[in-house]
Amino acid sequence: MARRRHQPAPVEGLEQLCAAKEVLVSTGSGGVGKTTTAAAVGATAAAQMGIKVLVLTVDPARRLANALGMERFGNVETRVPHEAFVAAGADPQGELWAAMLDTKQSWDDLIRLHAPDAATRDAILANPLYQNITGKFVQSHDYVAMERLYEIHTSGRYDLIVVDTPPTRNAVDFLDAPERMADFFSSKLLRWLIAPYSSRVVGFASKPFYSVADRILGTQFLEDIAEFFMLFQTMYDGFVERARAVTELMGSNQTSFLVVSTLEVAPAREAEYFLELLSARRHHVGALVLNKVLPEVLLDRDGTRSAKALAKRSPELADALTGGLGLDADVRHVSHVLGEIGDRYLDYQVVAAREAEQRKELSEVPDLVLSVPYFTDDIHSLERLLNLGEQLW
């Protein structure tokens, strides 16, 4: 019986969210800091909360290793050394681990798990089409990522798993992959492909297709396809059961989503789309993280008055400044600089006001809306990740 879901109480901070959930899924469009945010949340939770955290990336881009200060890691979880935290000026209370999905290895592990017997397992792994087909059909990468997440979660090895997903539109495939896999195993297409070879009798209606296919592809190729899918059919129950379990995990109170975006037009539109999608599916959205946000001080009215004064009264202010401080500078140049400062401040105010309105529009679904300012340097070290985590915390 499926567990009844109830609406969880809103969380009041990111630390509370990390304490309340077992899986956090970081989503967002490309280039908005999604991977960095996932790593920062995981690193800070491990450093401050005394828990064992895994950051799992299913994004094919290999950015997470650099962000964590590691040369590389793969399908097997790798611990970020305690010494790396110490070098970053931290005294971690917990442990941080990282893994990046290896599609081939994960599929091999799935076959070993779901195959009904050793003979079927070996036949699938030895099938000449296995390596190629599993990498291409039914969002293979997305499905095996969900399976890997489910396997790690049910193992109980970690208190918190932070998942870095592909960009937003692909993240939808990530969420839908288990259901699509279940649908594929029960599809008419699959039955149509294997029926002639499982029965060894080709019906009259299907003869023209198989005659053409045989001439183009060859009998052996068709038989290899049929054998592959017939072997896969033996694992139907295991795959479908796990697909349903994974889907249930995504929608359970154990899981929450972090939607990461900037307030530029295209990323903000993607964030709005995904927030609406998650809300419609009744997934819990714990936080919206907005990167590269202008500071709220730009909206201060005293700042507005000061900027207008600089822009309007720059000649007399320049004269007073150069005279009062004894500056050896052309008053006209100083006046121009002061006027430009005032005008640019007012320009930034317009952008900041627009951002504030966008933030308000996006804040209906998530429990938390967190803003991260511009950083002058790229975040490519554990120390900078922890600094970012402090901003989010």
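Here the peptides 355-367, 260-272, 23-35 are ranked by packing, the mean other Cβ count within 10 Å, and the order with the highest first is 23-35, 260-272, 355-367. Here region 298-354 is treated with +1 on each Lys and Arg Cβ and -1 on each Asp and Glu Cβ, and its dipole about the Cα centre works out to around 320 debye.
Kirkwood Rh over Cα pairs of region 298-354 into Stokes-Einstein at 20 °C, 1.002 mPa s: D in µm²/s? For these conditions, the coefficient is 184 µm²/s. Per-peptide packing, taken as the mean over residues of other Cβ atoms within 10 Å, places 98-105, 298-305 in the sequence 98-105, 298-305 from highest down. Lys360: which aspartates and glutamates have alpha carbons under 18 Å from its alpha carbon, excluding same-chain residues fewer than 8 sequence positions away? Here the aspartates and glutamates satisfying the reach criterion relative to Lys360 are Glu12, Glu264, Glu270, Glu272, Glu276, Glu296, Asp300. Estimated at 0.36 nm per residue, the fully extended path between Asp91 and Lys360 surpasses their Cα-Cα distance by 93.2 nm. Taking a sphere under 15 Å around the Cβ of Lys360 and counting the other residues whose Cβ falls inside, with K and R at +1 and D and E at -1, yields a net charge of -4. Ordering Val293, Val331, Ala320 by the projection of their Cα atoms onto the charge dipole of region 230-346, which places +1 on the Cβ of Lys and Arg and -1 on the Cβ of Asp and Glu, puts Val293 at the extreme positive end.
Readers should treat all values here as calculations from the given coordinates under stated rules, not as data from a laboratory. These numbers come from a predicted model, not from an experiment. Cβ coordinates were reconstructed from backbone atoms using ideal geometry, including for glycine residues, and neighbour counts include every protein chain displayed.
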